[in-house]
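Participant: Shown below is the structure under consideration.
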Amino acid sequence: MTRAEILALLDRRQTAFDRHDAVAIAALHADNGVVESLLAGTVTGRRGIADVYQTFFDAFPDMVMTIDDVFIDGDHATQVAMVTGTDMGGFMGVPATRKPFRLPIVFLYTFKDGAIAHERRIYDFTGLLVQIGVLKAKPA
């Protein structure tokens, strides 16, 4: 894929994310696309990928993602982003805490045949759980 094609696909992903449309996001992945996430582990296929996104959208219905930087090298891209939201839907079987979070995240992508073949997410999962009150941090 060209740089312009990758940027256009990532723009479509952002638009779908802004709408919290998990199915539209998953449709940008290859049929056998893979997502690696601390929360979900390794998920293969569009249905599973949509489920991973939907889990976050259900738990954090006001979630917003702001892209800070995009780096592209051949068929690989990296997005540096900030995700914010509030635990309104409950998360990991715990009732909603109504606490906000701010989560820096990095997405690593590999593209093939016009789709996302592989997506890996790097973020501070423990920090997220502490912010929303699922885990308690020990005072310093």
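Participant: Filter the stretch 51-79 for residues that are exposed (fewer than 15 other Cβ atoms within 10 Å of the Cβ) and either of a type in the set (F, W, Y) or in a strand (DSSP E or B) (or both) and give the result.
Facilitator: Residues satisfying the conditions are V64, T66, D68, D69, F71, D73, H76.
Participant: Restrict the check to the stretch 79-95 and report whether at least one residue is touching a Pro at 6+ places or on another chain (Cβ under 9 Å), in contact (Cβ under 8 Å) with a residue 12 or more places away in the chain, among the β-branched types (V, I, T) and closer than 24 Å to M1 by Cα.
Facilitator: Scanning the stretch 79-95, I find at least one residue that is touching a Pro at 6+ places or on another chain (Cβ under 9 Å), in contact (Cβ under 8 Å) with a residue 12 or more places away in the chain, among the β-branched types (V, I, T) and closer than 24 Å to M1 by Cα, so the answer is yes.
Participant: Starting from residues that are under 19 Å from the mean Cα position of the chain (by Cα) and among the acidic types (D, E), keep the ones in the stretch 96-140 and report whichever is nearest to T2 (Cα to Cα).
Facilitator: E119
Participant: Scanning the stretch 80-129 for residues that are aromatic (F, W, Y) and outside any helix (DSSP H, G or I), which turns out surrounded by the fewest Cβ atoms within 10 Å (Cβ to Cβ)?
Facilitator: The selected residue is Y123.
Participant: If you don't mind, another one. Return the residue satisfying two criteria in turn: it lies in the stretch 28-43 and is at pLDDT 95 or above and surrounded by 16 or more Cβ atoms within 10 Å (Cβ to Cβ), and of such residues it is farthest from A117 (Cα to Cα).
Facilitator: V43
Participant: Could you tell me whether A26 is of a type in the set (G, A, S) and in contact with a helix residue (DSSP H, G or I) (Cβ under 8 Å, 6 or more places away or on another chain)?
Facilitator: yes
The values are calculated or read from the model by the stated rules, or taken from the named source; none is laboratory data. Bear in mind the structure is a predicted one, so any value in this text is a computation, not a measurement. With ideal geometry, Cβ positions are generated from the backbone for all residues, glycine too; neighbour counts draw on all protein chains shown.
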